[in-house]
Amino acid sequence: MPFLRFLPQATNINFVGLRYFAFAIDGLLLAATIFSIAWQGFNLGIDFTGGVEMEVKSAHVIDIGKVREDVKGLGFGESTLQYIGSGQCDVPVNSCVLIRIQPKPGQNDGAVAPAIKDKLGAGFSIRSTSVVGPAVSQELFHAGVLATLLAILAIAIWVAFRFEWQYGIAAAVATGHDVLVTAGLFSVLHLEFGLTSIAALLTLAGYSINDTVVVFDRIRENRRKYKRMGLGDLINLSTNQMLTRTILTSALTATSIVPLYFFGGPALADFSGPILFGIVVGTFSSVYVAAALLLYLPAPAGTVEGPAAANAAS
């Protein structure tokens, strides 16, 4: 419908010529990420540091805000609370809560559950209690990091198989960049980094490669159509052709995440916030970085220009 076309259908932006500006922005983001991770590391959550996990239920709907304040008032360490779905808890909706407590050094893990039970009162009962030890939590952290790295490697292998090896390398660098910079956001803002954060990074990796593959596919299609066109011009043409699609996809995805960030509570904010940031970074790298990296690799088969293609488009 014409009235929905609020973005230009055809653009003529010299993305290859602007690649140094894009690389500079990426360089600053990467520098801030590496400095923050090296200087202050991550604010590891209970999943990765150990702690006490409890499932608490009530016969009535639980005011999770009040319960959160009651738990904080006990003086234990960091705590997170979230509702458990009705399918996992045999009570009405929002009547079962998962509480995670990270006791401070010197505090007894065994004292957490009785203290919370006394604070909440007779209207609550404890369904289960478990203690996550430091060894298990460190194993979870290493497994989460390994899963993220393997996901990026698997994406690169798939892209290399689906296209050519040059595209696989460019996809791995671009996707790894997006994941690393988003992980850096957790460090810079000192957000809690737990299993939910790993899920956010894996989600972002899948989302980021989607836009990159769309641009790569159009480059391959245009290579067959314009056999004498240089690689730099092919990149500009293909990226401009897919620009509206990329922006609309990112905007619509972000629109669905925004309500989770503002109305989903603290538990979802630590997930949706980095996802929103990652969408912006991923869109930027898909448009300006991923395809431009092809200029610095041996020319894919069927292209006129190789690494020196920059001089025609800069």
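Values in this text are rule-based calculations from the coordinates and carry no lab data. Note that the structure is predicted; figures quoted are calculated from it, not measured. Note that each Cβ is placed from the backbone with ideal geometry, even for glycine, and that neighbours are counted across all protein chains shown.
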**For the chain, built as a Gaussian network whose Cα springs stay under 10 Å, the top-fluctuating residue of ILE64, ILE169, ILE275** = ILE64
**Message:** So if each residue of separation counts as 0.36 nm, and I subtract the Cα-Cα distance between ARG228 and PHE263, what length gain in nm does that give?
**Reply:** 7.3 nm
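What does the helix-only formula give at 222 nm for the chain: each DSSP H stretch with n ≥ 4 adding -39500 (n - 2.57), the total divided by the residues, and the result rounded to the nearest 500 deg cm²/dmol?
Value at 222 nm, helices only: -20000 deg cm²/dmol.
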**Item:** Spin-label pair LEU195/PHE21, simplified geometry with 7 Å Cα→Cβ offset, distance in nm
**Value:** 4.5 nm
**Message:** If I stretch the segment between LEU252 and ALA143 completely, what's the gain in nm (0.36 nm per residue apart, minus their alpha carbon distance), one decimal?
**Reply:** 36.0 nm
**Of GLN138, GLN40, GLN82, the one that fluctuates the most in a GNM where the chain has Cα springs shorter than 10 Å** = GLN40
**Message:** What FRET efficiency comes out for VAL188 versus LYS72 if R0 is 22 angstrom and r is the Cβ-Cβ distance? Round to the nearest 0.05.
**Reply:** 0.30
**Prompt:** Does segment 132-199 come out rounded, prolate or oblate by the C-alpha gyration tensor, with a ≥ b ≥ c the root eigenvalues, rounded set by a/c under 1.5 and, if not, prolate when a/b is larger than b/c and oblate if not?
**Reply:** oblate
**Request:** Starting from the Cα of VAL173, step 7 Å along the direction of its Cβ; do the same at ILE157; then give the gap between the two resulting points in nm.
**Result:** 2.2 nm
**Request:** Using packing as a proxy for protection, rank 222-228, 28-34 so that the peptide with the highest average count of other Cβ atoms within 10 Å comes first.
**Result:** 28-34, 222-228
**Request:** Cross-chain or 8 or more residues apart, Cα under 28 Å: how many lysine pairs in the chain fit that? Count them up, please.
**Result:** 13
**Message:** If I model a spin label as a point 7 Å beyond the Cα along the Cα-Cβ vector, how far apart are those points for ALA122 and LEU30 in nm?
**Reply:** 6.4 nm
**Fill in**
Stretched fully, the stretch from ASP217 through ASP63 gains (0.36 nm per residue minus C-alpha distance, one decimal, in nm) 50.4 nm
**Prompt:** In debye, nearest 20: dipole of the chain around its Cα centre with unit charges on the Cβ of K, R (+) and D, E (-)?
**Reply:** 920 debye
**Complete:** Ranking LEU153, ALA254, GLY168 by how far each Cα lies towards the positive end of the charge dipole of the chain (+1 on Lys and Arg Cβ, -1 on Asp and Glu Cβ), the top one is GLY168
**Request:** Of the listed values (1) 1.07; (2) 1.23; (3) 1.15, grab the one calculated as Cα Rg over 2.2 N^0.38 Å from the structure here.
**Result:** (2)
**Asked** Can you pull out the chymotrypsin sites (Phe, Trp or Tyr not before Pro) in segment 114-186 that DSSP calls coil and that have at most 16 other Cβ atoms within 10 Å?
**Response** none
